[in-house]
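Participant: Have a look at this one.
Every number in this text was worked out from the coordinates using simple rules, so none of it is lab data. On a predicted model such as this, the values are computed, not experimentally measured, just so you know. Cβ: placed from backbone, ideal geometry, glycine included. Neighbour counts: every protein chain shown.
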2 protein chains.
Amino acid sequence: MAMATKETEEVVDEVEGLKLEEGGEEGTDVDPWDVKGKVDYGKLIKKFGCQAISDEQVERIERVTSMKAHHFLKRKTFFAHRDLDQILQAHEKGEPFYLYTGRGPSSEALHLGHLVPFMFTKYLQDAFKVPLVIQLTDDEKVLWRSLGIEEAKRLARENAKDIIACGFDINRTFMFSDFEYVGGKFYENINSIQRCVTLNQARGIFGFKGEDNIGKVAFPAIQASPALPDTFPHIFGSNKKVRCLIPCAIDQDPYFRMTRDVVPRLGYHKPALIESVFFPALQGDSGKMSASDPNSSIFVTDTRKMIKNKINKYAFSGGQDTLEEQREKGANLDVDVPWKYLNFFMEDEEKLKEIGEKYSSGQMLTGEIKAILIDVLADMVERHQKARAMVTDEIVDAFLAKRPLAF
Amino acid sequence: MAMATKETEEVVDEVEGLKLEEGGEEGTDVDPWDVKGKVDYGKLIKKFGCQAISDEQVERIERVTSMKAHHFLKRKTFFAHRDLDQILQAHEKGEPFYLYTGRGPSSEALHLGHLVPFMFTKYLQDAFKVPLVIQLTDDEKVLWRSLGIEEAKRLARENAKDIIACGFDINRTFMFSDFEYVGGKFYENINSIQRCVTLNQARGIFGFKGEDNIGKVAFPAIQASPALPDTFPHIFGSNKKVRCLIPCAIDQDPYFRMTRDVVPRLGYHKPALIESVFFPALQGDSGKMSASDPNSSIFVTDTRKMIKNKINKYAFSGGQDTLEEQREKGANLDVDVPWKYLNFFMEDEEKLKEIGEKYSSGQMLTGEIKAILIDVLADMVERHQKARAMVTDEIVDAFLAKRPLAF
């Protein structure tokens, strides 16, 4: 699953034509493989048919979990949902649910945007104390790219280490690669979903063309199946009624729209969704984060020095051209990448607010906000690297082992 | 795999439109799901691009195996091939090959036509002493029919008993149901093949339409994969160079044409094929064998009395309308179903020849040839029933167990 941030990498040329049928607004093309141009999230919600997360819902989450809401919720980084209230209601009644997220292992090193859904999922797991399944779609990456199977499996394990480093509870987390786990009940559920989706529907939702391979055409069922609890008999037995909540970037919505359409016919609840905005490239809205362009983003393997250099050199600034102008007019936060990145990763609400006020009013200069961001990111990346260094192959095996989870 | 004889059953209406792109000759529509009208096998060979089996090849098989050729070969019941010489050459050089056949478990009871590829495969296994894999495509039957997964799996096991009753050597035979066996290297090979086949190509070969489900579109890779030896690591390890010979009815040719096109790119030999004519319905060329019409064929569960009644009542006769006319003109063997059935199942060459001469010259009457046929079929079905009664669930489990084979 490319729980993608605004990522495109080498695949762009290949899938250039894959657009949602309902799409077409200028400047906003969003599908599971590509995001282009400046995104109007209000329009996107309307187009996709999901709902905005309200302040009341954020408060309800705090009440239900007896925990302060993650700043991703307060700041509406996760801004849209489907059936979130049903999940909260079920949880209030003591009915179980589980979390499902994933990653398409297409590159060695994750960038910061890749971490966003995992950081948020970790918060949800801690707050709700529920089981979590994480799908590594190594099979998807072979179908979409010129990647060998062994290489895709290797990347899946490498990425698994970065994901584990986000701090997931091994007692509540089952991670799996499709190449390792497809079979049994998982394959039966893939088959059941494939049977319910026509070629016309798949083309309508995902824009597949005649030149696309037949694996791509059938793949949506493979990403859909983990939303069915009995895909994991070692966790849920044959229980078809455990609800599923999927945290992801909103470009994954088409997969789960399809899933929600199909699975009630098979006797399951529709999976609920909680969806994030895209993580911007260093170059801002016009840029694309690409694994083949190391300067388009910060990677979790970058050193403090590399981070400093990239932010100073490439992070698109909304500040004014001259010192005098900046003092007079202040920065345009709407396009300022350092400001956006701080909104993702600076936890301290007060401090963030103060920076925003000072920077937009001209009291603070671009160099100053960049210096703050460099510290925040470098500290975070260093923490991540330390955590990742602790993740041995044995720990990966333990997360990947088919076993019962606390449930 | 519907290693189908001229079978259609309930699926006809559903796939009415599935025709080969190259098709269109009036009266001959052949694809993996349907065969209609009188088939001109000469034309079919040309259309599909396979070769006729020559008398020299039959003699070579006898020489290579030091065994009398099966009458299915002598009578050209198996009449077409692809790369048969390469298989024989490999065998002569002591290089290993394996056999692959299968069945789509769509009905409780097999009819006589279903037995034809298995009877022939048993002969090949005995003659060449090579491993055999038998695929039960329970997943296919769910995708194509309104069949539940549990029911498809049950039918797979029931059909497995009939297949085992044909006398396969347990030391050289691995049988598997897709629902049980998809996963691991099998799934990797499915993925590799799917990646090499575009939607356009699949539509061209199989005639899929927009209303078809995406599982159907991707299914050809599932039938193709067992032609790759490393789909069976417990038998062939990671050896990609073991050749594969597929005995089947010629309606399965499109699947393996696709397979042959794709697999050299993945480092495998093209699978070889040995292909049979279709088994006719009791009603002759105009009829369709259908599990929902018990009078369209003889089933392996029929009693001697039922067989007698069906043959006498429904078997289309090429004999003349009156005794006098028959004595004068003789029977038209080209359309006579009792004669065709005897050609399938009467082993004695001399006796068969004598019957053909007497019946076509008018010395023998329709009632007489039918009486002979009834004995041949009833004896064969009784033998089958006795053998099947011996096949316990434990024996089925043993054939389905992943294990090394004599190789």
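Participant: Taking every residue in B:206-213, how many Cβ atoms of other protein chains lie within 10 Å of its Cβ, on average?
Facilitator: 4
Participant: Relative to the first principal axis of the alpha-carbon coordinates of chain B, what is the inclination of helix B:184-196, with its axis defined by its Cα atoms, in degrees from 0 to 90 and to the nearest 10?
Facilitator: 80
Participant: In whole Hz, what ³J(HN,Hα) sequence does region A:162-176 give by Karplus (6.51, -1.76, 1.60; θ = phi - 60°), x for Gly and Pro?
Facilitator: 5, 5, 4, 4, 6, x, 5, 7, 4, 6, 10, 10, 10, 10, 8
Participant: Using θ = phi - 60° and the Karplus relation 6.51 cos²θ - 1.76 cosθ + 1.60, list the HN-Hα couplings for region A:309-318 in order, rounded to whole Hz, with x at every Gly or Pro.
Facilitator: Listing the rounded values in order: 5, 5, 5, 5, 8, 10, 5, 5, 9, x Hz.
Participant: Another question about this same structure. In square nanometres, what is one fourth of the surface area of the convex hull spanned by the alpha carbons of region A:216-353?
Facilitator: Its average projected convex-hull area is 12.8 nm².
Participant: Relative to the first principal axis of the alpha-carbon coordinates of chain A, what is the inclination of helix A:112-128, with its axis defined by its Cα atoms, in degrees from 0 to 90 and to the nearest 10?
Facilitator: Roughly 60 degrees between the two axes.
Participant: Using the Cα atoms of region B:88-239 to build a convex hull, what is its mean projected area in square nanometres?
Facilitator: 10.1
Participant: When each pair of different Cα atoms in region A:112-167 is counted once in the 1/r mean, what is the Kirkwood radius in angstroms, to one decimal?
Facilitator: 12.5
Participant: To the nearest 0.05, what FRET efficiency results for B:Met67 and B:Glu92 with a Förster distance of 22 Å applied to their C-beta separation?
Facilitator: Once the sixth-power term is evaluated, E becomes 0.90.
Participant: Amide H of A:Arg243: which non-local residues (sequence gap of 5 or more, or other chain) have their own amide H closer than 5 Å, using H built in the peptide plane?
Facilitator: Those lying under 5 Å, H to H, from A:Arg243 are A:Tyr98.
Participant: Report the Cα centroid-to-centroid distance between region A:231-287 and region A:334-407 in angstrom, as an integer.
Facilitator: Rounded to whole Å, the Cα centres lie 24 Å apart.
Participant: Give the order of B:Glu108, B:Glu347 when sorted by the count of other beta carbons within 10 angstrom, beginning with the fewest.
Facilitator: By the 10 Å Cβ count, ascending: B:Glu347, B:Glu108.
Participant: A follow-up question, please. Please arrange B:Thr303, A:Thr77, A:Thr322, B:Thr366 by how many other C-beta atoms lie within 10 Å of their C-beta, fewest to most.
Facilitator: Taking fewest neighbouring Cβ atoms as first place, the list is A:Thr322, B:Thr303, A:Thr77, B:Thr366.
Participant: Using a Förster distance of 35 Å, how high is the FRET efficiency between A:Lys351 and A:Ala401, based on the Cβ-Cβ distance and rounded to 0.05?
Facilitator: Plugging the Cβ-Cβ distance into 1/(1 + (r/R0)^6) gives 0.25.
Participant: If you don't mind, there's one more thing I want to ask. Whole number please: convex hull volume per residue of the Cα set in region A:272-317, in Å³?
Facilitator: 106
Participant: Also: Any chance you could list P(r) for region B:294-389, counting all Cα-Cα pairs in 10 angstrom bins from zero, rounded to whole %?
Facilitator: 17, 48, 28, 7, 1
Participant: Two decimals is fine: what is log10 I(q)/I(0) at q = 0.13 Å⁻¹ for chain A, from a Debye sum with one equal scatterer on every Cα and no solvent?
Facilitator: -1.14
Participant: Here is the link list: B:Lys74/B:Lys185; A:Lys93/B:Lys216; A:Lys38/A:Lys370; A:Lys241/A:Lys351. Which ones come out longer than 32 Å on Cα distance?
Facilitator: B:Lys74/B:Lys185; A:Lys93/B:Lys216; A:Lys241/A:Lys351
Participant: Averaged over B:180-192, how many beta carbons belonging to a partner chain fall within 10 Å of each residue's beta carbon?
Facilitator: Mean shielding count: 6.
Participant: How big is D, in µm² s⁻¹, for the protein assembly as shown by Stokes-Einstein at 4 °C and 1.567 mPa s if Rh is the Kirkwood radius over C-alpha pairs?
Facilitator: My calculation gives 44 µm²/s for D.
Participant: Could you give the angle, 0 to 90 degrees to the nearest 10, between helix A:55-65's Cα long axis and the longest principal axis of the Cα atoms of chain A?
Facilitator: So the helix axis and the longest Cα principal axis differ by about 60 degrees.
Participant: Among B:Glu325, B:Glu368, what is the fewest-to-most ranking by other Cβ atoms within 10 Å?
Facilitator: B:Glu325, B:Glu368
Participant: Quick one: 3J(HN,Hα) in Hz for region A:219-234, Karplus 6.51/-1.76/1.60 with θ = phi - 60°, rounded, Gly and Pro as x.
Facilitator: Coupling constants for region A:219-234: 4, x, 5, 6, 6, 6, 4, x, 6, 9, x, 7, 5, 10, x, 6 Hz.
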